[in-house]
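What follows is a short report on a single structure.
The numbers here are math on the coordinates, done by the rules we state, and not lab data. Just so it is clear, the model here is predicted, and its values are computed rather than measured. Here Cβ is always computed from backbone atoms with ideal geometry, including for glycine, and neighbour counts include all displayed protein chains.
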Amino acid sequence: MKILVCISNVPDTTSKINFTDNDTKFDTNGVQFVINPNDEFGLTRAMWFKEKQGAVVHVATVGEIQVEPTMRKALAIGADEAIRVNAQPIDGFFVASQLAEVVRQGGYDLVIAGRESIDYNGGMVPGIMAELLDMSFVNTCIGLEIEGDRAKAIREIDGGKESIETSLPLVIGGQKGLVDESDLRIPNMRGIMMARQKKLTVIEPSNVSPATQDTKFEKPAPKGDVKLVDANNVEELVSLLHREAKVI
Amino acid sequence: MSVLVYTETLNGKFKKNAFEAASYAFDLAQKIGQPLVAIAFNAENCDALFNYGVSKVLHIKQENLATFNAKVYAKVISEIALSQSTSTLILSATTDAKYMGGILAAKLKAGFAPNVVAAPLSIEPLVVKRMTFSNKGFAHTRINTDFRIIGVSNNSFGLVENNVEGTVEEISADISDSDFNTRSVNVERVTGKVTIADADIVVSGGRGLKGPENWGMVEELAEVLGAATACSKPVSDMGWRSHSEHVGQTGKPVACNLYIAIGISGAIQHLAGINASKVKVVINTDPEAPFFKAADYGIVGDAFEVVPELIEKLKEFKAQNA
């Protein structure tokens, strides 16, 4: 089985978000970048398929040269090879189209992407890829088993979960649950050393027009001060929620 | 041309998100001077959509579409969108709608703007405001394509009633067995409990509650308020509560009217996930907890004393206001 894990290079979850250039760009100044958490759950599940079922695991991303440390981290965690499409990830349609081309060229049986990236939150890349490639697709996936070309998946639904049976080739939109938080791997020194020798192929993007363009950004309006209620006067909170906030 | 809205049902009833998506769609339809058409599967009360500006409901009720299937539903919706000369398709932000979003964008060669939180900023060109950076920012997104898809965030635009005269057209979809390469074998849905996705009020517990055995009061408070229960990331990581309750940046996003955080310090990732909620209340022993900077109301105090007291006072309030 040949697996492609699609990786997005995103600001660390603790990052403060600021915008620059007249609020038209995300300000990367002082920001630490990481593997998108939803992708990392998928990568870790892919490692399981590698170790238990002999799968070959590649990782791919769309990004410029500054995303390479994140790719090297994925290699240090255990991916065999990395592919970088040398372009700015302009929108979900653009990214999905570029990654679909990587899948076509590489002949992958299983493609795992995160259900969404935590920066632009588009959540459309796995779905667009599946449709462009005419592959089966399971989103918000929290469990995945593969036997031959058959797949059993569990997906999260609003208020519960659904068991699904499908077949390869398959695209997964993964998230926490695909593996547990405690299964995530921190690269060790040996992994980091080996990652330096692994193949990282850079390919040029195919000619695709983005379908959307972010023209401006804004931050949430600043919040007013918290109104404190005395712990011995809980009744006051009930009254405030009813009369002032009007939420009960 | 028309605006098409997908109105989701559960057990035959329209979800609140369906009415919110229709409210948004009607506002847009008015602004661009096009009629609003809705598509619904297996609904019992299509007439309810007339209250939200829908003048034509295309209704499909058939056995092989009884259970949601993203690829099959998307196929049917895209065929209808083409037959109705749709300019803009409006989706909600349910898990199922998000599942279909990408598929539909590819099928219809449409620019797709999800997580939209307000009426369009501009109609020509179409520019929408959407949540990005997991609620730490918003983007103004221009949709470049002729066919457009907008996903409306939960609890953002609100329900806006507009009573119109409407018709319901029963139609059938041409679906064959070969369309079902992906099959649902079992659906487990919690019954009798409010889900985080649908909740107006969410009661959430953190590490400050010391252990899973202390969740009784969280559940009781939720019951009194008709709320969903949720938890912080450490709580789900330690296995005190199920992953499905984890709210925050890598868990579920919450956009409810009232969010009550008990024993949650307010890490930046947690606050990002719940920031879209309208009113936030924090109960914590530590007055320096970051959550107090993000909350509207706060009580500095021991949850084990404050919460039972709050339950009592709410019961009294409910009895008086019943």
Mean per-residue count of partner chain Cβ within 10 Å for B:235-244 equals 3
In vacuo Debye sum over C-alpha of segment B:155-212, base-10 log of normalised intensity I(q)/I(0) at q = 0.18, 0.20 Å⁻¹, listed in q order, is -1.05, -1.05
For chain A, longest principal axis from Cα atoms; helix A:92-106 axis from its Cα atoms; angle between them, nearest 10 degrees, is 20
For A:LYS2, counting only lysines whose alpha-carbon sits under 18 Å away and dropping same-chain residues fewer than eight positions off, the answer is A:LYS50, A:LYS52, A:LYS152, A:LYS198, A:LYS199
When A:CYS6, A:CYS141 are arranged by how many other beta-carbons sit within 10 Å of their Cβ, fewest first, they go A:CYS141, A:CYS6
Measuring from its Cα centre, segment B:1-157 shows a charge dipole (+1 at each Lys and Arg Cβ, -1 at each Asp and Glu Cβ) which, in debye to the nearest 20, is 420
Given A:175-186, B:311-322, B:86-97, the highest-first ranking by average Cβ count within 10 Å works out to B:86-97, A:175-186, B:311-322
Most exposed first, judged by fewest Cβ atoms within 10 angstrom, B:TYR24, B:TYR73 run B:TYR73, B:TYR24
Looking only at lysines whose Cα falls under 18 Å of B:LYS278's and that sit 8 or more positions away or on another chain, we get A:LYS219, A:LYS223, A:LYS227, A:LYS246, B:LYS16, B:LYS129, B:LYS136, B:LYS252, B:LYS293
Counting sequence-distant residues (5 or more places) and residues on other chains, those with an amide H built under 5 Å from that of A:LYS216 are B:HIS140
Rounded to the nearest 500, the 222 nm mean residue ellipticity computed for chain B from DSSP H runs (n ≥ 4, each -39500 (n - 2.57)) alone is -8500 deg cm²/dmol
If one compares the long axis through the Cα atoms of helix B:16-32 with the longest principal axis of the Cα atoms of chain B, the angle in degrees, nearest 10, works out at 50
Ranking A:ASN188, A:ALA74, A:MET124 by how far each Cα lies towards the positive end of the charge dipole of chain A (+1 on Lys and Arg Cβ, -1 on Asp and Glu Cβ), the top one is A:ASN188
Taking every residue of A:215-226, the Cβ atoms of other protein chains inside 10 Å of its Cβ average out to 5
For segment A:193-235, shape from the Cα gyration tensor axes a ≥ b ≥ c, cut at a/c of 1.5 then a/b versus b/c, turns out oblate
Any residue on another chain or 5+ positions along whose placed amide H is under 5 Å from the amide H of A:ALA60 is listed here as A:VAL5, A:CYS6, A:ILE7, A:ILE83
Once normalised by the length of segment A:1-94, the mean sequence separation of its alpha carbon contacts under 8 Å that are 6 or more apart gives a contact order in percent of 32
Treating only Lys and Arg (+1) and Asp and Glu (-1) as charged, each at its beta carbon, one finds that segment A:1-68 has a dipole about its Cα centre, in Debye to the nearest 20, of 440
Partner shielding of B:178-191, taken as the mean number of other chain Cβ atoms within 10 Å, equals 5
To the nearest 0.05, the calculated FRET efficiency linking B:GLN320 and B:VAL185 through their beta-carbon distance, R0 being 35 Å, is 0.10
Computed from the beta carbon distance with a Förster radius of 25 Å, FRET efficiency for B:ASN162 and A:LYS246 to the nearest 0.05 stands at 0.60
Taking alpha-carbon centroids only, segment B:125-143 lies from segment A:127-177 a number of Å equal to 28
For the pair B:LYS13 and A:GLU218, the simple spin-label estimate (label points 7 Å beyond Cα toward Cβ) gives in nm 3.6
Taking B:209-220, A:159-170 and ranking on average Cβ neighbours within 10 Å, highest first, one gets A:159-170, B:209-220
Residue by residue through segment A:48-62, the couplings from Karplus 6.51 cos²θ - 1.76 cosθ + 1.60 with θ = phi - 60°, in Hz, x for Gly and Pro, are 5, 5, 5, 6, 8, 10, x, 6, 9, 10, 10, 10, 9, 8, 10
Binned at 10 Å from zero, the C-alpha pair distances of the protein assembly as shown give percents of 3, 18, 27, 27, 18, 6, 1, 0
Here the relative contact order (percent) of chain B, from C-alpha pairs under 8 Å and at least 6 apart, is 14
A chain fully extended from B:ALA66 to B:LYS278 at 0.36 nm per residue, minus the present Cα-Cα distance, gains in nm 72.8 nm
For the protein assembly as shown, the dipole about the Cα centre with charges only on Cβ (Lys and Arg +1, Asp and Glu -1), to the nearest 20 debye, works out at 1100
Counted neighbours (other Cβ, 10 Å), sorted fewest up, put A:MET124, A:MET189, B:MET1 in the order A:MET189, B:MET1, A:MET124
Distance in nm between A:LYS199 and B:LYS193 label points, each 7 Å along Cα→Cβ, equals 4.8
Looks like chain B, by Cα gyration tensor root eigenvalues a ≥ b ≥ c and the a/c under 1.5 rounded cutoff (else prolate when a/b is bigger than b/c, oblate otherwise), is prolate
